[in-house]
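> Mind looking over this structure? Questions follow.
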Amino acid sequence: MILVTGATGGLGHETIDFLLTTTPAAEIAALVRDVSKASDLVQRGVDVRQADYFDYPALVQAFRGIEKVLLVSAVAFTDRAQQHRNVIDAAREAGVKHLFYTSIQRSSDFVLAQVTESDLATEAYLKASGLTYTILRNGYYFEGLGYLIGSEVPEAEIHAPAGEGRIAFIRRTELAAATAALLTSTGHDNQEYTLTGSEAYSFHDVARELSALSGRPIGYRSSEPAPYIAQKVAAGFPDFVATFFAQWCTAAQHGMLAGTDDTVERLLGRKPTSLREYLRATYFPGA
Ligand SMILES: NC(=O)c1ccc[n+]([C@@H]2O[C@H](COP(=O)([O-])OP(=O)(O)OC[C@H]3O[C@@H](n4cnc5c(N)ncnc54)[C@H](OP(=O)(O)O)[C@@H]3O)[C@@H](O)[C@H]2O)c1
């Protein structure tokens with residue numbers, strides 16, 4: 001039986017959607033912290049189990065009878081490493097054989113606070129745990145692009161502290177499809193995969209594609225982090241969130257998110273969504 005954590009979140013829920021296309025519901029379990037948000041999964045016959053990553057006894061109970069766990073990483077600013085250690089320890093105690101962990105892409109040595117540091121700790125802990133592991137280094141979601149460039153785009157030009165940095169964006173649903181394919185096939189014991197789009201794009205590319213789609217010039221100007229953060233705070237984001245957005249841009253500038261890898265393309269059997277396809281569907285639907 002395969003258990004997916006974070007099953008009421010985006011990636012976890014979409015992974016279960018894909019699993020259900022190839023695997024009987026009776027062989028799929030979902031870990032949620034609020035069962036009332038998982039009624040659609042219950043209706044589809046998925047075995048919904050309740051536990052919080054901070055609740056060790058509940059995790060052990062939830063993992064009983066499970067062979068493979070997909071640990072969807074916890075959200076930033078919440079002591080991710082402790083939560084992940086709890087899940088790994090509980091999985092081992094409950095007799096789980098194989099744990100998949102959703103890490104973040106690392107195509108350079110740049111360490112992104114709140115994300116890469118806890119991923120590094122989790123990966124090391126998992127490798128030392130004795131569990132069979134598979135590490136998925138997920139690329140930056142296309143769905144996160146709007147946070148970086150702001151809702152004023154495409155009406156306004158793009159300002160971001162990303163320099164010439166590039167990002168190998170990937171749609172979250174394509175990550176979910178690739179993850180479901182890995183969970184239901186063999187040959188992934190103690191393997192590490194980087195799951196990205198087939199191309200990496202700079203913010204100049206984003207501006208160029210938006211210009212082509214809108215039929216009017218939209219520029220990109222690389223800014224310093226401080227005015228970018230101030231602009232985000234003025235737009236209503238808390239300071240730590242605005243700073244977090246700036247850090248992602250800095251990560252891009254350092255090449256952390258730029259590496260491309262054909263694993264998703266091979267698993268999907270087609271090219272993942274391109275920048276132009278994503279921008280058209282998101283900003284110019286029907287065009
Ligand atoms: N690669 C990227 O661009 C990118 C972007 C954003 C996030 N991420 C990372 O990838 C993960 C999955 O992304 P996503 O879009 O699916 O995020 P999401 O929609 O926020 O889902 C996160 C899931 O984790 C669950 N969760 C959080 N804390 C938990 C806890 N203490 N105990 C049990 N469950 C807990 C949430 O439960 P609830 O439904 O109850 O809230 C939710 O189901 C994120 O958590 C984050 O680590 C990656």
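The values are calculated or read from the model by the stated rules, or taken from the named source; none is laboratory data. Predicted model only: the values in this text are computed from it and were never measured. Positions of Cβ are generated from backbone atoms using ideal geometry, with glycine treated the same way; all protein chains shown enter the neighbour counts. Side chains are part of the model used for accessible areas, which takes the heavy atoms of the whole protein and leaves out ligands, DNA and RNA. Shrake-Rupley method; radii C 1.70, N 1.55, O 1.52, S 1.80 Å.
> Could you please give the count of residues in the stretch 75-103 that are within 13 Å of the ligand (Cβ to nearest atom) and either in contact (Cβ under 8 Å) with a residue 60 or more places away in the chain or under 17 Å from residue 1 (Cβ atoms) (or both)?
The qualifying residues number 6.
> Looking only at the stretch 101-157, filter to residues that are out of contact with any strand residue (DSSP E or B) (no Cβ under 8 Å at 6 or more places or on another chain), part of a helix (DSSP H, G or I) and closer than 27 Å to residue 68 by Cα; which one of those is most open to solvent (accessible area, probe 1.4 Å)?
Per the stated criteria, the residue is 117.
> Return the residues of the stretch 228-249 that are surrounded by 12 or more Cβ atoms within 10 Å (Cβ to Cβ) and free of Cβ contacts under 8 Å to residues at least 40 places away in the same chain; say none if nothing qualifies.
229, 230, 233, 237, 241, 242, 243, listed by residue number.
> Only one residue in 263, 250 is of a type in the set (Ser, Thr, Tyr) and within 14 Å of residue 174 (Cα to Cα). Which one?
263
> Report yes if some residue within the stretch 267-281 is touching a Lys or Arg at 6+ places or on another chain (Cβ under 6 Å) and over 30 Å from residue 24 (Cβ atoms); otherwise report no.
no
> Tally the residues that are assigned to a helix (DSSP H, G or I), among the charged types (D, E, K, R) and either over 17 Å from the mean Cα position of the chain (by Cα) or surrounded by fewer than 20 Cβ atoms within 10 Å (Cβ to Cβ) (or both), restricting the search to the stretch 80-100.
So the count comes out to 4.
> Does any residue of the stretch 11-22 turn out to be farther than 26 Å from residue 195 by Cα, touching a residue at least 40 places away in the same chain (Cβ under 8 Å) and under 23 Å from the mean Cα position of the chain (by Cα)?
There is no residue in the stretch 11-22 that is farther than 26 Å from residue 195 by Cα, touching a residue at least 40 places away in the same chain (Cβ under 8 Å) and under 23 Å from the mean Cα position of the chain (by Cα).
> Taking the stretch 12-28 on its own, how many of its residues are within 14 Å of the ligand (Cβ to nearest atom) and in contact with a strand residue (DSSP E or B) (Cβ under 7 Å, 6 or more places away or on another chain)?
The qualifying residues number 3.
> Tally up the residues in the stretch 250-272 that are open to solvent by 20 Å² or more (accessible area, probe 1.4 Å), assigned to a helix (DSSP H, G or I), within 14 Å of residue 108 (Cα to Cα) and not β-branched (Val, Ile, Thr), please.
Here the count works out to 1.
> For the subset of the stretch 29-74 comprising residues that are touching a residue at least 60 places away in the same chain (Cβ under 8 Å) and farther than 30 Å from residue 242 by Cβ, which member is farthest from the chain's Cα centre (by Cα)?
65
> Next up: Say whether the condition of being within 12 Å of the ligand (Cβ to nearest atom), of a type in the set (Ser, Thr, Tyr) and surrounded by 18 or more Cβ atoms within 10 Å (Cβ to Cβ) is met by at least one residue in the stretch 35-58.
Checked against the condition, which is being within 12 Å of the ligand (Cβ to nearest atom), of a type in the set (Ser, Thr, Tyr) and surrounded by 18 or more Cβ atoms within 10 Å (Cβ to Cβ), the stretch 35-58 yields at least one hit.
One line per residue, one yes/no per condition, for (1) within 17 Å of the chain's Cα centre (by Cα); (2) at negative phi:
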{"position": "120", "(1), (2)": "yes, yes"}
{"position": "129", "(1), (2)": "no, yes"}
{"position": "140", "(1), (2)": "yes, yes"}
{"position": "150", "(1), (2)": "no, no"}
{"position": "159", "(1), (2)": "no, yes"}
{"position": "168", "(1), (2)": "yes, yes"}
{"position": "175", "(1), (2)": "yes, yes"}
